[in-house]
Amino acid sequence: MFLGKTPFLLLMIVLGFAGLNPLYAQHPAASYKEQQLNFTDNGNEIFGKLIMPEGYTRKLPVIVFVHGSGPEDYSSSDNYRYLWEAFTKMGFACYSWDRPGVGQSQGKWYTLSVAGRAHEVISAVNKLKALEIIDSSKIGYWGISQAGWVIPLAAKAMKPAFVITVSSPVTTAFEQELYRVRSQMRAEGFSRADIDKAVCYNEKLRKMIAANEPYEEFALLQKEINGEKWGDNVITGEEVVYNYLSIVFKEDSPPDLESLRCPVLAIWGENDLVVPPKTSAAVYEKELKRIGNRHVLIKIIREADHTLTHNLTGKPSETDKRREDYKHNPKEIFAPGYISLMTGWLKGLGLK
């Protein structure tokens, strides 16, 4: 859920219908159409975009994009665009939005709990269901990272036609953060002693939050690690970061997969240093089998990191380099087999 001093990871219609506005900032190279479609959640107007295939002739199935944590805009800084290309070519529409307080959306994303985020997803789906061009029985969710906590909650209130989870956690947020610290620091070659110090820092932070200590205590804790070579591997930040962590860690529980009774595709990257892929996949397999869901495909993609970027080590620096090197050829950013896995699975659902 978090990456080092950047505390939040991806860490991200047709004119004439009610509630739709003209095309807004259409991506010039896109083969799909973007239509502004806002919705309201908790009194805030949320700026959204409906991504539509060209030349559709019937009601559209929709993939609702549920971001990971952090201040994501509707395209996740353009990282969703290649996925939209692939999905719209199949005849699916996609829907995504600026998180509250990001871009043109009102509100503050960092005040939302997981439950608050699930409510936001439900508000978005209700907006979609009111549109004549949408097949309301064929609305599914795609989500990455923190969305693995959000989607099951949203599915309890509004059953989706299908779910694709990417790098979904299965533990508490705090347990997942400890995994990230340990795995990334091992990958970077830190000593066991330094890793233990970083873990101790996190334990102090959690106790501080549990005791309702003020931000000033967090600021003092950060001063204690000034000069530590491992300091970039733990969460630091201003008061807004501390307040957000207080929400996340106080309302902290593993995702309840009981609600995932629709077709599910669950994907992890084998080199994920943020969420343990094998352990997480095993939990999904066990829990979805327990509730009797037989429409499940679980895959761990080789040479892929937390974002399913082609990454041989999982290190964030390699992710950044890959995305920069191939920014003009986005197909090569992702690990081999990732996109085709999703499109093949969606085709098999027979929803178009």
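Among beta bridges from DSSP that stay inside the chain, the antiparallel ones total about 40%. When you filter the trypsin sites (Lys or Arg not before Pro) in the stretch 36-69 for DSSP loop state and at most 15 other Cβ atoms inside 10 Å of their Cβ, you are left with 58, 59.
How would you rank 310, 67, 295, 119, going from fewest to most other Cβ atoms within 10 Å of each one's own Cβ? Don't skip to the end; give the middle numbers.
Numbers: 310 22, 67 29, 295 14, 119 18.
Ascending number of Cβ neighbours within 10 Å: 295, 119, 310, 67.
Using θ = phi - 60° in the Karplus curve 6.51 cos²θ - 1.76 cosθ + 1.60, the 3J(HN,Hα) couplings for the stretch 321-335 round to 5, 4, 5, 6, 5, 10, 5, 9, 9, x, 4, 7, 5, 7, 5 Hz; x is entered for Gly and Pro.
Taking Cβ atoms as reference points and 9 Å as the exclusive limit, the residues near residue 113 contribute a net charge of +1, counting Lys and Arg as +1 and Asp and Glu as -1.
When you count, for each residue, the other Cβ atoms within 10 Å and take the mean per peptide, how do 232-244, 166-178 rank with the highest first? Spell out each step's value before the answer.
Details: 232-244: 18.3, 166-178: 21.8.
So the peptides 232-244, 166-178, ranked by packing, come out 166-178, 232-244.
Does the stretch 156-257 come out rounded, prolate or oblate, given a ≥ b ≥ c as the square roots of the eigenvalues of its C-alpha gyration tensor, rounded meaning a/c under 1.5 and, failing that, prolate meaning a/b above b/c?
Values: a/c = 2.65, a/b = 1.44, b/c = 1.84.
Taking the square roots of the gyration eigenvalues as a ≥ b ≥ c, the stretch 156-257 is oblate.
Positive end of the dipole of the chain, charges at C-beta (+1 Lys, Arg; -1 Asp, Glu), about the Cα centre: which of 93, 218, 255 has its Cα farthest in that direction? Sorting the options by dipole projection puts first 93.
Since every read-out is calculated from the coordinates, none of them should be taken as a lab result. The shown structure was predicted, so the numbers you read here are calculated from the model rather than taken from an experiment. Virtual Cβ from ideal backbone geometry, glycine too; neighbours counted across all protein chains shown.
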